[in-house]
1. Confirm whether B:Lys459 is among the basic types (Lys, Arg), part of a loop (DSSP other than H, G, I, E, B) and over 16 Å from B:His325 (Cβ atoms).
2. If I filter region A:105-117 down to residues being surrounded by fewer than 16 Cβ atoms within 10 Å (Cβ to Cβ) and part of a helix (DSSP H, G or I), which single residue comes out as nearest to the other protein chains (Cβ to nearest Cβ)?
3. Report yes if some residue within region B:84-105 is at negative phi, outside any helix (DSSP H, G or I) and at pLDDT 90 or above; otherwise report no.
4. Considering (1) within 23 Å of A:Ile19 (Cα to Cα); (2) modelled with pLDDT under 95; (3) in contact with a Phe, Trp or Tyr (Cβ under 7 Å, 6 or more places away or on another chain); (4) facing chain A (nearest Cβ under 10 Å), say which one B:Phe236 fails and leave the rest.
5. Scan region B:140-176 for residues that are facing another protein chain (nearest Cβ under 7 Å) and either assigned to a helix (DSSP H, G or I) or among the aromatic types (Phe, Trp, Tyr) (or both) and report the count.
6. Only one of these is in a helix (DSSP H, G or I) and farther than 21 Å from A:Ile83 by Cβ: B:Leu181, B:Leu267, B:Leu187. Name it.
7. Exactly one condition in (1) more than 8 Å from chain B (Cβ to nearest Cβ); (2) buried (at least 22 other Cβ atoms within 10 Å of the Cβ) is not met by A:Thr26; state its number.
8. How many residues are closer than 14 Å to B:Lys156 by Cβ and part of a helix (DSSP H, G or I) if we restrict to region B:236-254?
Amino acid sequence: MSEIALTQYLLFGAMLFVIGLYGALTRRNAVIILLSIELMLMSANINLLAFGRYGGAVQMQNPDATLAHYVFAQSQMFALFNIAVAAAEVAVGLAILIAIYRLKETANVDAYDTLRR
Amino acid sequence: MMFTSWQTLNWSVLFPQIIILITAILVLLTEITLPKEASRKPIFLLGMVGIVAAFISLVVLAGTTDTVLEFGNALRLDGFALLFSLILMVGTFLVFLLGLDGLDEARPTGYESEYVALSLFALLGGLVLAEATDLITLFIGLELLSISAYVLVGVKKQSLLATEGALKYVLTGGIASAVFLFGASYLVGLSGVTNLYEIALVLAQGTVMDRYGPLVFIGFLFMLTGLSFKIASVPFYMWVPDVYQGAPLATTTFLATVSKTAGFAFLIRLLLATFYLLPVGGQEFMQQATPYVAALSIASMLIGNLLAMRQVNLKRMLAYSSIAHAGYILIPLASFNPNMVDEMAFYLVAYLFMTFGAFAVIDAAYRDSGSYDLKALAGLYHRAPFLAIAILVFMLSLAGLPITAGFWAKWYIFIGAIWGGHMVLAITLAVASIISYYYYFAVLKQVFMRPGTTERPLKQATGSFIVTVVAFAGTLLIGLFPQSILDMFQHVFHAANMFDLFQGRF
C-alpha cells in the first residue's frame, strides 16, 4: 500500500476550499453560507497540518534538519488558533443571523435587499 | 530560540494594549452598576480617558526606545508600529466624540456601553496588528478587529438596515478571512515558521523559490485578496456601500478610518517585510507582485469614483469614495520608492481628518432632517455658515484641491508614483481625481446653491461639533504645513527604515 503524500493532502485542502467557495457564492440560505465559510477556513487548517506532518520546503530539501520538531510545531499551533477564531466568527455570524431573522422571518439572503434602495 | 519566563519579558511594549483592555473591561463593569435610565455619556468619557492614557503610554514608549523585539520576536515596537498606533487611537477617540450624543439619532439605542467596549476591543485588535510581526499574532489581531466590527455594525439590532448590513459584513468578512488564511497556510507551511521576517529568510534560502515559487505566489495573491476586504478595495469591495449605509454613523466612520488604517498597516508590513525582496530567478519578487497591486489600485480608483457619481445617498457616496481612496493609497505600494510608507501614512492621516469632518457635518444634517439624502444638505449655507464652510474644506480636501490636506496627500503619492517609474498609475490618479470632482461638487452645489426647505438655524450636537472643529483645523493645518508633517513622519518615526529595504538603492 502506497503511503499518502503531502501533495494529496494539499489537493484535498484546495478541493475543500473550492467547494466551500462555490457554496458560499451560490447558496441562498445564510446558514449554508456560514457552513461553507467554515469549510473554507478548515481547508487552510488541512494545509497547515499536512505541512506540519510532512515538513515544508526546507525540510524537503534537507530531510535531516535538526530543527524539524520545533519548526513543525509552528504551523500546527497556527491551526489551533484558527479553529478558535473560526468558532468565534461563526458564533457572531449566527447571532447576527438570529437578529435579522427576528425582523425578516427568513434566512434567504435574496430577501435581504432593504439596502441600496 | 531562547525561552524566557513571563516575569523577565519586557511588558512595557504592551502597555497601550493593556490599558485599552482594562478600560474595555471597566466599561462593561460600569454598565452593570448604572441605572437603566441614566445617561450613558460617562461611559463614552471613560472610553476617551482610556484612550488618552494609552496614548500617553505610547508617547512615553516612543521617547525611550529604539526598535524593540519582544515575546519571541512576535511583537516589534518600531517607528512604523508607533505611527500607525497613534493614527488608530486618534481615530477611535474621534469616533467616541461622534457617538457621544447617541449613536446616530436623538433617542438612545440602549447599547451604548457595549458600543464603547466593542470599539475598544476593535482598537485593541488594531494596536496588536500595528505591532505584531508574527502571522498568528497578526491574524488574531485582525480577527479581533473584524469580529468586533461585525457587532458594531449591527449594534442597533431592532433596525433592519443595521442588521442587514451586519450580516452582509460578516458573510463577506468570513469569506475574506478564509481566503487570507488559505494563502497564509501555503506560506507558513512551506517555510515552517510564522514570523514575517523569518519567513522571508527561510524562503530566500537556496533554491526554495525556484522550486516552490508558484505556491508562494498563490499565497501572495490570496493574502492580498483577503486583505483587500479590510482596506475596502477591489476585489472585496461589494460590502462597502451596503455596510456603510446600514451601520450607525459612528461605526461607518470607524470602518472608513480605523479599520482601513489597520488593514493598511498589516498589508504594508506583510508586503515589505516578507514578499517584496524574495529572490526569484535573478529578480526580486517585487517585479512579479507590483503589477497585481497596481491593477487593484487602478480598478479601485476607477470603480469607486465612477459608481460614486450615481449615488444620492451621502453615506453610499462616501462609501464608494472610500473605495477610490483605498485605490489612491495602494499606489505607493505598487510604485516602490524610499518615501512609500510615509506617503501612505500621510494620506491616511489626511483621510482620517477629512472623513471625520465630512461625516460629522452629515451627522448634523441627519439629526435635523432624519435623512442621508443628498438633499438633506440643501440650504446648509444659510442655516449653519460654519458647517457649510467646513464641508467646503472637507470636500475640496477629498477631491484633492490645493490648500487642503488632501491635495498634498495626493501630490506626494503622485510624485512618488513618477519616482517609482509608474506613469500609468500617476495618470490614472489624476484622471480619477478629476472624475471625483463631479460628485464632491454635487454636495457643494446642494450646500451653497440650492434653497433648503427651511431657513431655521441648524444646531450641531456638542460631540460632533468638536469633531468638526478638530477635523477642520487638522485638514487646514496639514494643508498649510505639509512638509513639516512629512518631515515628522520621516525623522521622528523613520517608518520606512524599519524594513531595511532601501540600502544601496536610489
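The values are calculated or read from the model by the stated rules, or taken from the named source; none is laboratory data. These numbers were taken from a predicted model, which means no experiment stands behind them. Glycine gets a Cβ as well: all are built from the backbone with ideal geometry, and neighbour counts include every protein chain shown.
1. It is true that B:Lys459 is among the basic types (Lys, Arg), part of a loop (DSSP other than H, G, I, E, B) and over 16 Å from B:His325 (Cβ atoms).
2. Applying the filter and picking the extreme gives A:Ala111.
3. Of all residues in region B:84-105, those at negative phi come to B:84-101, B:103-105.
Add one more test, that the residue is outside any helix (DSSP H, G or I), and what stays is B:100-101, B:103-105.
Subsequent filtering for residues that are at pLDDT 90 or above retains none.
Within region B:84-105, not a single residue is at negative phi, outside any helix (DSSP H, G or I) and at pLDDT 90 or above.
4. (4)
5. Final tally of qualifying residues: 16.
6. Every option except B:Leu267 fails the conditions.
7. (2)
8. 7
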